[in-house]
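Here's the structure we're looking at; comments come further down.
The values are calculated or read from the model by the stated rules, or taken from the named source; none is laboratory data. Note that the structure is predicted; figures quoted are calculated from it, not measured. Here Cβ is always computed from backbone atoms with ideal geometry, including for glycine, and neighbour counts include all displayed protein chains. Heavy atoms of the whole protein, side chains included, go into the accessibility calculation; ligands, DNA and RNA do not. Shrake-Rupley method; radii C 1.70, N 1.55, O 1.52, S 1.80 Å.
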Amino acid sequence: QVRLVESGGGSVQIGGSLGLSCAASGFPYRRYCLAWFRQVPGKEREGVASVDDEGLTVYGEPVKGRFTVTRDKIKNTLTLQMDSVNADDNTIYYCAGAGNSAYGWCPGAWNEDEYPYWGQGTQVTVSS
């Protein structure tokens, strides 16, 4: 009964900022990975940012220096602070979870098939 629920999506101007959040619950693991992906309808999902159980963060190249991911292990929440947004950020953002590693490491190579748990997504619309 793992559940991942995203919120915070909406409209933002080019160059502006927007914050997303994900509420996680029901994980059958003591340690697990949480990540943000994004997907233009009809295309493969793209890795945005991940945080393993120890707090190690990894960012996808297109968002480095602009987005910041944080994880609150007490509240079981994941956030994504989006700054200096551009037109390529205009898509649906998903929260994802993985627990294959006993240490809570995140899968490598941003392989979406290695993330068994997904939220329903939240839309970010970038306007000019």
Report summary line: When (1) more than 17 Å from Arg66 (Cα to Cα); (2) in contact (Cβ under 8 Å) with a residue 60 or more places away in the chain; (3) within 12 Å of the chain's Cα centre (by Cα) are applied to Ala23, the one that fails is (2)
Report task. Working only within segment 60-89, note down all residues that are at pLDDT 95 or above, open to solvent by 70 Å² or more (accessible area, probe 1.4 Å) and assigned to a loop (DSSP other than H, G, I, E, B). Result -> Lys64, Gly65
Requested in this report: Find the residue count for segment 78-102, including only residues that are of a type outside the set (Phe, Trp, Tyr) and either touching a Leu at 6+ places or on another chain (Cβ under 9 Å) or over 26 Å from Asp113 (Cβ atoms) (or both).
Outcome: 15
Requested in this report: Report whether or not Phe37 is open to solvent by less than 50 Å² (accessible area, probe 1.4 Å) and over 16 Å from the mean Cα position of the chain (by Cα).
Outcome: no
Query raised in the report: Just checking, how many residues over segment 90-112 are of a type outside the set (A, V, I, L, M) and in a loop (DSSP other than H, G, I, E, B)?
Result: 12
**Report entry** Unmet requirement for Val12, which otherwise passes all of (1) assigned to a strand (DSSP E or B); (2) loosely packed, with under 14 Cβ neighbours inside 10 Å
**Finding:** (2)
Requested in this report: May I ask you to list the residues in segment 90-128 that are open to solvent by less than 60 Å² (accessible area, probe 1.4 Å), of a type in the set (A, V, I, L, M, F, W, C) and over 19 Å from Gly55 (Cα atoms)?
Outcome: Ile92, Val124, Val126
Query raised in the report: For residues in segment 33-59 being assigned to a loop (DSSP other than H, G, I, E, B) and in contact with a helix residue (DSSP H, G or I) (Cβ under 9 Å, 6 or more places away or on another chain), which is nearest to Val126 (Cα to Cα)?
Result: Arg45
Report task. For segment 66-88, name all the residues that are closer than 16 Å to Gly8 by Cα and over 14 Å from the mean Cα position of the chain (by Cα). Result -> Asp83, Val85
**Report entry** Test: Thr77 is over 19 Å from Arg3 (Cα atoms) and in contact (Cβ under 8 Å) with a residue 40 or more places away in the chain
**Finding:** no
